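Student: One structure, pasted below without further comment.
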Amino acid sequence: MTHQLKIKKSGEFLLENAEDFNYLYMPLFNESGIMSAISPNLGGDTKLDHHHYALTPVSSEDLVNTIPSRNVFFRVDDNLWSTSGKTPFQKLNPDKVTLKGGLVYQEVCRENDQFFVSVKSFVPTENVNAELHLVTFTNKSAKTLEVKATIGVPIYGRSADNIRDHRHVTSLLNRGTVLQDGIVNEPSMKFDERGHRHNGALYGVFSKSSLHEEVNTYTPILNDFVGEGNDMFYPITPRNNQPSSYHVGSQVDGYDIIAGLGYNTVELNPNNSFTILFGIFMSPSLNLLKKQVKQYLSFNQFETLFTQSLDFWKEQLKSIDFYLGDDSLTGWTKWVCLQPTMRRIYGCSFLPHHDYGRGGRGWRDLWQDSLSLIFKEPHRVREDILGHFAGVRIDGSNATIVGIARGEFHADRNKIVRVWSDHGAWPLLTVDRYLNRTGDIDFLFEKQTYFKDKFAHYTHSIDASYSETQGNFLLNSNNDIYQGSVLEHLLLQNVIPFFNVGDHGNIRIEDADWNDGMDMAKEKGETVAFTALYTGNLLKLVNILKYIKTKNIESISLSKESSILFDTLHHQIDYTNPKAKRALLAQYFSLVKHQISGELVTFNIQDIMDDLMAKYQQFYKHLNEAEWLNQDDNTGWYNGYYNNHGLRLESTDNSFPKMTLTGQTFVLMSQIATSSRIQKMVNAVNQHLTDPTIQIPRLNTNFKENTMDMGRFMGFAYGHKENGSMFSHMAIMYAYSLLDNGFVYEGRKIVDALYRYMSDIDKAKILPGISEYIDQSGRGLYHYLTGSASWMVLTYIEQIFGIKGQFGDLLIQPKLLSSDFLSGSVSINTMINEHLCEIRFQNAENLNYGEYVIESVNGVKVQSETYLINKESVTESQLFTITLGRIQ
């Protein structure tokens, strides 16, 4: 059977026969803390954090092979039916399942010959940690049906750790109480043998019925609800008519708790319906929980709250809303635009495929997720970015665990201390965009602390003088907390790697780079790919400093110890000598190992620019002379890595070519390659990496052998995750970089292919949005929480629509294709000088890229490839109509 995921312009979607797919799920969440995952059969879980799960934690396989936690059972005549679709009756008589969804809700309709049941689910956007579910049962038969409804929601009420660590023991902590129309579980404490703590949360499930004054029967103990010798597929309680021994006020201690909430049998005439509303609540106190149940569990309130939720998420996206003449594409991009917000809230955990970690985001995620948020909330992002810099160490490395509060960082997860060689590069990419979108140069001179722990010298050394009593702050010689400017942080992050090179002259890979799978080459491994990105960053810093000079700022102050890194200002070393580079870096590391003096040195900006330019030129020359691999007259590429034996990873051997997409992407992003070489790279990527059926390049060729000298990725099956999958993040960064270098059709081919594939439910098998990667079978995996979403948004805004900031002004240089103008015009909303503006492009002659220029703006003749909007000229929200015309 062929399926179609019908996506509307609003982002709402419809999928018929959803029961034909496994592993479908979507997030439900708000800004207050609740994070849920829900599947079409109401599987998934809901939680506040790693230690506070209301429902049993769920991994991807649980979506298919275990009983969902959210259950509504209907005994219809003598047959038991469930919203899970898993009762014996439903296995013999399968429902037809239609899935509807939108930003951010799910509605599932299950239908058979006698009746249909719809369940609409969402999380209110108000300050409450609750899921709400409206269940509507409709008799579509010609006879009266006897219907008995029972809610059965097991209340897990503890940490994800307890899934296999003391699961039964922790059930002894449970304290279940029957309240009016609901059951709550308030565990007596949080079990942790390292130190037991107060639980701090209550979990409750409550219900209302349109045909009943109140819940009629209560069953709070899970095994009683199931019945001895039965299971949750076919539990005893929803099947029988026996009165319950529990009543309002009953308490049960020391068992697994379930919210077994039953209603008396009703007779439902043909074409009649009744509704049940139930909610899952989490709260720090019983009084607050009762208050929230009263406020939010109401039939009258449900639709009001639902509409508020729709409006809230629509408002969140209005400043990055765009339309490309295709309603389905427009709706799909709304999900992509929301994904960075999802990752800000969920981090890299808490969804079924993201079944690792304990919550929070990693270092790289902070900066990647901020990229698209800059277009939405520049002032909020300003404070976030400033806080992020508190994670930078004075040696250029960084803390790798991000705390809950802004600017809060911790030592590495699992007590494994690592340095990712790419981490210093991402902050500048984010700050550069922030500066260009806002013109907020003052931000560079904001002060921020440095992260300090016992590790020094890129974690290769221990600071024996460090004491945890000083906290995670770098101190000066007076034992005062030292604060350096944001600009100082950026300079250190990008200049230090210039000296941290291996024997081939490229930046040492350390414990890994962007590709976490490159984690077994610490001693002799080098990342040519990120040497290229840092090269581009050095030039970015030069351009930022150049702009600062236009503001009559001629000097900057940096820490006294950092002066050694700007070696051209006193005694330039031989940049072609890796040992000399490492020796200078060792001197700097020694100077900053424990404390720094706190003294500042004033530098002439032009001198710093000249120093950075010298470093840039050396890296640029090295990459083009030493790392280019020519295969033949038409194909060639840049080597991306050296392994732990100091040998090149990649090869142009025709019998066994080895190639990485990463090695090409960052050369392109930093605009290091010539046009002729870019064409050869494109040819090579198409020949060796691009899957011919879907036109998306893989992360690498099949190296076949796990040599144990590059990384764990070689141990993964080829075509999965970091070993040769179609990895969306790198694919879209490659496409962005092609567009940025003028290879517009080549870049668009990949962007369009990603959309076509991800929105094809029969191929990707995911709901709207972009997944982290596509596995060997073609399934999209690790949906929603992926940095590729930010880069997809950037690609549409900055490259396809051509909307780029220029220190607060807006430069427009469209790279639209004639196929984009299906409805005659395309448009994008964007913030200019804090005002929401619409930029609309008209293309009456249906010209393709390369055939048009900007003919006029708001009727004023321009005749240019670009158009600059001065931010000071925008004093209110307005429309800019850009007419494209044929090149004269």
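The values are calculated or read from the model by the stated rules, or taken from the named source; none is laboratory data. Only a predicted model underlies this, so the values are computations on that prediction, with no experimental measurement involved. Ideal geometry is used to build each Cβ from the backbone, glycine not excepted, and the neighbour counts take in all protein chains shown.
Student: Quick check on segment 806-820: of everything there that is outside any strand (DSSP E or B) and of a type outside the set (Gly, Ala, Ser), which residue is farthest from Gln863 (Cα to Cα)?
Tutor: Ranking the candidates gives Phe807 first.
Student: Please enumerate the residues belonging to segment 747-782 that are hydrophobic (A, V, I, L, M, F, W, C), farther than 22 Å from Lys100 by Cβ and touching a strand residue (DSSP E or B) at 6+ places or on another chain (Cβ under 8 Å).
Tutor: Scanning segment 747-782 gives Ile750, Ala753, Leu754, Ile774, Leu781.
Student: Any idea which residue in segment 290-315 is nearest to the chain's Cα centre (by Cα), counting only those that are over 26 Å from Leu211 (Cβ atoms) and not charged (D, E, K, R)?
Tutor: Trp313
Student: Out of (1) in contact with a strand residue (DSSP E or B) (Cβ under 8 Å, 6 or more places away or on another chain); (2) exposed (fewer than 14 other Cβ atoms within 10 Å of the Cβ); (3) not in a loop (DSSP other than H, G, I, E, B), what's the single condition that is false for Leu884?
Tutor: (2)
Student: Let me ask you something else. Exactly one of these conditions fails for Asn478: (1) under 30 Å from Phe713 (Cα atoms); (2) part of a loop (DSSP other than H, G, I, E, B). Give me its number.
Tutor: (1)
Student: Still on this structure, I have one more. Based on this model, can you work out whether His379 counts as surrounded by fewer than 18 Cβ atoms within 10 Å (Cβ to Cβ), farther than 22 Å from Glu772 by Cβ, touching a strand residue (DSSP E or B) at 6+ places or on another chain (Cβ under 6 Å) and assigned by TED's automatic domain parsing to the domain that holds Glu446?
Tutor: no
Student: So the check is Cβ under 8 Å with 6+ separation or different chains; which pairs have a first residue in segment 407-435 that's farther than 23 Å from Tyr641 by Cβ and among the β-branched types (Val, Ile, Thr) and a second one that's buried (at least 17 other Cβ atoms within 10 Å of the Cβ) and modelled with pLDDT of 95 or more?
Tutor: Thr430/Ile385; Val431/Ile385; Val431/Phe443; Val431/Leu444; Val431/Val486; Val431/Leu490
Student: Take the residues in segment 468-492 that are of a type in the set (Val, Ile, Thr) and touching a residue at least 24 places away in the same chain (Cβ under 8 Å); name whichever of them is surrounded by the most Cβ atoms within 10 Å (Cβ to Cβ).
Tutor: This residue is Val486.
Student: So how many residues does segment 823-835 have that are among the polar types (S, T, N, Q) and either part of a loop (DSSP other than H, G, I, E, B) or farther than 22 Å from Lys334 by Cα (or both)?
Tutor: 2
Student: If you check Ile374 against the conditions, is it touching a strand residue (DSSP E or B) at 6+ places or on another chain (Cβ under 9 Å), crowded, with 24+ Cβ neighbours inside 10 Å, part of a loop (DSSP other than H, G, I, E, B) and assigned by TED's automatic domain parsing to the domain that holds His423?
Tutor: Taking the combined requirement at face value, the residue does not satisfy it.
Student: Tell me, which strands (runs of 3 or more DSSP E) lie completely within segment 117-226 with 2 or more residues that are of a type in the set (Val, Ile, Thr)?
Tutor: 130-139, 145-155, 175-179, 182-185, 217-221
Every residue, every condition in (1) modelled with pLDDT of 95 or more; (2) surrounded by 15 or more Cβ atoms within 10 Å (Cβ to Cβ); (3) among the polar types (S, T, N, Q); (4) farther than 27 Å from Ala764 by Cβ, yes or no:
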position: Gly636; (1), (2), (3), (4): yes, yes, no, yes
position: Tyr641; (1), (2), (3), (4): yes, yes, no, yes
position: Lys658; (1), (2), (3), (4): yes, yes, no, yes
position: Thr665; (1), (2), (3), (4): yes, yes, yes, no
position: Leu668; (1), (2), (3), (4): yes, yes, no, no
position: Ala684; (1), (2), (3), (4): yes, yes, no, no
position: Ile696; (1), (2), (3), (4): yes, yes, no, no
position: Phe703; (1), (2), (3), (4): yes, yes, no, no
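Student: So, one more: Looking at Ile672, Ile605, can you tell me which residue is surrounded by 15 or more Cβ atoms within 10 Å (Cβ to Cβ), farther than 30 Å from Lys704 by Cβ and among the aliphatic types (A, V, I, L, M)?
Tutor: Within the list Ile672, Ile605, the selection yields Ile605.
Student: With the structure loaded, tell me whether Asp311 is closer than 30 Å to Leu794 by Cβ and in contact (Cβ under 8 Å) with a residue 24 or more places away in the chain or whether it fails that test.
Tutor: No, not satisfied.
Student: Here is a list: Glu872, Glu838, Glu845, Glu855. Which entry is of a type in the set (D, E, K, R), touching a residue at least 24 places away in the same chain (Cβ under 8 Å), surrounded by fewer than 17 Cβ atoms within 10 Å (Cβ to Cβ) and part of a strand (DSSP E or B)?
Tutor: Checking each option against the conditions leaves just Glu838.
Student: Of all helices (runs of 4 or more DSSP H) completely enclosed by segment 730-804, which ones contain at least 3 residues that are touching a Phe, Trp or Tyr at 6+ places or on another chain (Cβ under 6 Å) and within 27 Å of Pro40 (Cβ to Cβ)?
Tutor: none
Student: Here are the criteria: (1) on the phi > 0 side of the Ramachandran plot; (2) buried (at least 17 other Cβ atoms within 10 Å of the Cβ); (3) not polar (S, T, N, Q). Tell me which single one Val431 does not satisfy.
Tutor: (1)
Student: State the number of residues belonging to segment 505-564 that are small (Gly, Ala, Ser), under 30 Å from Gly663 (Cβ atoms) and assigned to a helix (DSSP H, G or I).
Tutor: Qualifying residue count for the region: 3.
Student: Right, next: Does segment 326-353 hold any residues that are in a helix (DSSP H, G or I) and more than 30 Å from Gly824 (Cα to Cα), and which are they?
Tutor: Passing the criteria: Pro340, Thr341, Met342, Arg343, Arg344, Ile345, Tyr346.
Student: For segment 300-312, give me each residue that is closer than 21 Å to Val119 by Cα and surrounded by 13 or more Cβ atoms within 10 Å (Cβ to Cβ).
Tutor: Listed by number, the residues that qualify are Gln301, Phe302, Leu305, Phe306, Gln308, Ser309, Leu310.
Student: So, one more: For segment 296-325, give me each residue that is assigned to a helix (DSSP H, G or I) and aromatic (Phe, Trp, Tyr).
Tutor: Residues satisfying the conditions are Tyr296, Phe299, Phe302, Phe306, Phe312, Trp313.
Student: For Gly805, all conditions in the list (1) touching a residue at least 24 places away in the same chain (Cβ under 8 Å); (2) surrounded by fewer than 17 Cβ atoms within 10 Å (Cβ to Cβ) hold save one; what is the number of the exception?
Tutor: It fails just one condition, (2).
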